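Q: Structure below; questions to follow.
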2 protein chains.
Amino acid sequence: MQPARREALIKAAIEEVGTVGLVDVTVSRIARRAGVSSALAHHYLGSKDDILQAAMRRILTDYGEAVREAYRTAKDPRARIDAVIRSSFCEGQFDRAVIGAWLTFYVQAHHSAEASRLLSIYARRLDSNLVHALRSLVPLSSARRIAQGLASMIDGFYIRAALQEGAPDRTYAIAMVTEYLDLCLEKELA
Amino acid sequence: MQPARREALIKAAIEEVGTVGLVDVTVSRIARRAGVSSALAHHYLGSKDDILQAAMRRILTDYGEAVREAYRTAKDPRARIDAVIRSSFCEGQFDRAVIGAWLTFYVQAHHSAEASRLLSIYARRLDSNLVHALRSLVPLSSARRIAQGLASMIDGFYIRAALQEGAPDRTYAIAMVTEYLDLCLEKELA
DNA sequence: GATAATCTTGATTGACCAGTCAATTAGAAT
DNA sequence: ATTCTAATTGACTGGTCAATCAAGATTATC
């Protein structure tokens, strides 16, 4: 029972944070969404802070797995860059509740040491993936610059997808970021 | 006294939201930062929600003024696009507490109807400014696409500036977005 | 079928906070 | 000096919520 409950509670926490936000989230709400009492949520996951941390960790590991999965079929550097871009906008991640939760934690990292630590791991990995793949196509300094641009644009489309009503969908976002990548590479190789 | 107190309280609210976050912000904290009692904060600005709304409105109007100010000296379309880019990263806006508060409200717009309304006004204006200036350089459909890319990249650099430790500074962010603009225009005009 | 282990919750406690109000002070006007 | 007005706050209230705990329900084991 323990693993099933933990699973359900973490999933409920992500959905709850994504839909009502960090301010209005309560342990009772999370528990209710998971179909259990608030006492049980504490029993299996500890304090409210522990629950939210588990939710954030889950989001980050899910993303990490998506990238690793996409990497599997990527043989050359360019394919690896495309894989990173695609992973960032993949089905599981590009869900309204997940995006909402992600952003909430993103902002929370300003004030919470632990959230900040977790997020910086993600940021470093994303950057490292991109730079590593890019440096075999362009000089290192250019690779760093292009990686910065790509990562920023990915975050930008991501954040906008969350709240703009007629926001670009997955496909469009991927196309835009890829187009930017192509433009950068063309310029470098010219 | 009334206008001075309101001013101080709104400023304090922005700083408090930017530093401790929406979750831990209390009326007492805002009032203390402004050097008054919490009762006075309620007296001058109403409910907690009213206070936070006033803070958000202030951030958006400050940004609007920055754009209008930058527009004053921009005579041709390209200069107007540059003005928008520069305004987004201008001194007053690109401050750690302000960025923190901005992001907090950005995310809050998911859950709050009023925050969403205010933010969409900003988003529409930003988009409209960019599209309007771009359409005299490229076809309308391209203008729309480029505006999307620019706005996303601006938001991306903005959000990253807030929490990445070695984040790019104003100048660098402006240079990156401008470079993207140049690449897009070159491609269109080729 | 008894016993132990696990699961589950209702009830409770203690803390915190938004918002109100009566009362106090300070200042201006007459 | 006195009245009137605006500014200001300490104290209070009602409500909410995180966290705990003891007790009850369920399942597994022998």
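The values are calculated or read from the model by the stated rules, or taken from the named source; none is laboratory data. Remember, it's a predicted structure, so these values are computed and weren't measured experimentally. Note that each Cβ is placed from the backbone with ideal geometry, even for glycine, and that neighbours are counted across all protein chains shown.
Q: When residues of segment A:41-50 are filtered for being away from chain B (no Cβ under 14 Å) and surrounded by 15 or more Cβ atoms within 10 Å (Cβ to Cβ), how many remain?
A: Here the count works out to 4.
Q: If a residue must be among the aromatic types (Phe, Trp, Tyr) and either closer than 22 Å to B:ALA162 by Cβ or within 9 Å of DNA strand C (Cβ to nearest atom) (or both), how many such residues does segment B:17-64 contain?
A: 1
Q: If you don't mind, another one. Just one of (1) of a type in the set (Ser, Thr, Tyr); (2) within 14 Å of chain A (Cβ to nearest Cβ); (3) within 23 Å of B:ASP169 (Cα to Cα); (4) without any contact (Cβ under 8 Å) to a residue 40 or more places away in the chain trips up B:SER87, so point out which.
A: B:SER87 satisfies all of (1) of a type in the set (Ser, Thr, Tyr); (2) within 14 Å of chain A (Cβ to nearest Cβ); (3) within 23 Å of B:ASP169 (Cα to Cα); (4) without any contact (Cβ under 8 Å) to a residue 40 or more places away in the chain except (2).
Q: I've got another one for you. When you go through A:ARG78, A:ARG68 one by one, which is the residue that is basic (Lys, Arg), part of a helix (DSSP H, G or I) and surrounded by 15 or more Cβ atoms within 10 Å (Cβ to Cβ)?
A: It is A:ARG78.
Q: Can you spot a residue in segment A:98-119 that is within 11 Å of the chain's Cα centre (by Cα) and surrounded by fewer than 19 Cβ atoms within 10 Å (Cβ to Cβ)?
A: No.
Q: What is the residue count in segment A:174-190 for residues that are facing another protein chain (nearest Cβ under 10 Å), crowded, with 17+ Cβ neighbours inside 10 Å and over 17 Å from the mean Cα position of the chain (by Cα)?
A: Of the residues in segment A:174-190, 4 are facing another protein chain (nearest Cβ under 10 Å), crowded, with 17+ Cβ neighbours inside 10 Å and over 17 Å from the mean Cα position of the chain (by Cα).
Q: Additional query: When you check A:ARG33 against the structure, is it surrounded by 15 or more Cβ atoms within 10 Å (Cβ to Cβ), within 16 Å of DNA strand D (Cβ to nearest atom), touching a residue at least 12 places away in the same chain (Cβ under 8 Å) and away from every other protein chain (no Cβ under 14 Å), yes or no?
A: In short, yes.
Matching residues to (1) modelled with pLDDT under 95; (2) hydrophobic (A, V, I, L, M, F, W, C); (3) part of a helix (DSSP H, G or I):
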residue: A:VAL131; (1), (2), (3): no, yes, yes
residue: A:LEU137; (1), (2), (3): no, yes, no
residue: A:GLY156; (1), (2), (3): yes, no, yes
residue: A:ILE159; (1), (2), (3): yes, yes, yes
residue: A:LEU181; (1), (2), (3): no, yes, yes
residue: A:LYS187; (1), (2), (3): yes, no, yes
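Q: Sticking with this one: For segment A:90-115, which residues satisfy the criterion of being more than 9 Å from chain B (Cβ to nearest Cβ) and over 19 Å from A:ALA173 (Cβ atoms)?
A: Listed by number, the residues that qualify are A:PHE105, A:ALA113, A:GLU114, A:ALA115.
Q: What number of residues within segment A:1-30 satisfy the criterion of being away from DNA strand D (no atom under 14 Å from the Cβ) and among the basic types (Lys, Arg)?
A: Final tally of qualifying residues: 2.
Q: Being within 25 Å of B:VAL107 (Cβ to Cβ), more than 8 Å from chain B (Cβ to nearest Cβ) and of a type in the set (S, T, N, Q) is the filter here; which residues of segment A:122-173 pass it?
A: Within segment A:122-173, just A:THR171 meets the criteria.
Q: Report yes if B:ILE99 is within 16 Å of DNA strand C (Cβ to nearest atom) and either under 23 Å from A:THR104 (Cβ atoms) or in contact with a Ser or Thr (Cβ under 7 Å, 6 or more places away or on another chain) (or both), otherwise no.
A: no
Q: Checking A:ALA151 against (1) within 17 Å of A:VAL98 (Cβ to Cβ); (2) part of a helix (DSSP H, G or I), which single condition isn't satisfied?
A: (1)
Q: Determine which single condition A:ASP50 fails, assuming it passes every other condition in (1) of a type outside the set (Lys, Arg); (2) in contact with a helix residue (DSSP H, G or I) (Cβ under 6 Å, 6 or more places away or on another chain); (3) more than 17 Å from A:TYR158 (Cα to Cα).
A: Every condition holds for A:ASP50 apart from (2).
Q: Moving to a separate point now. Of all the residues that make up segment A:39-63, how many are more than 19 Å from A:GLY18 (Cβ to Cβ) and either under 21 Å from the mean Cα position of the chain (by Cα) or in contact (Cβ under 8 Å) with a residue 12 or more places away in the chain (or both)?
A: Residues meeting the conditions: 3.
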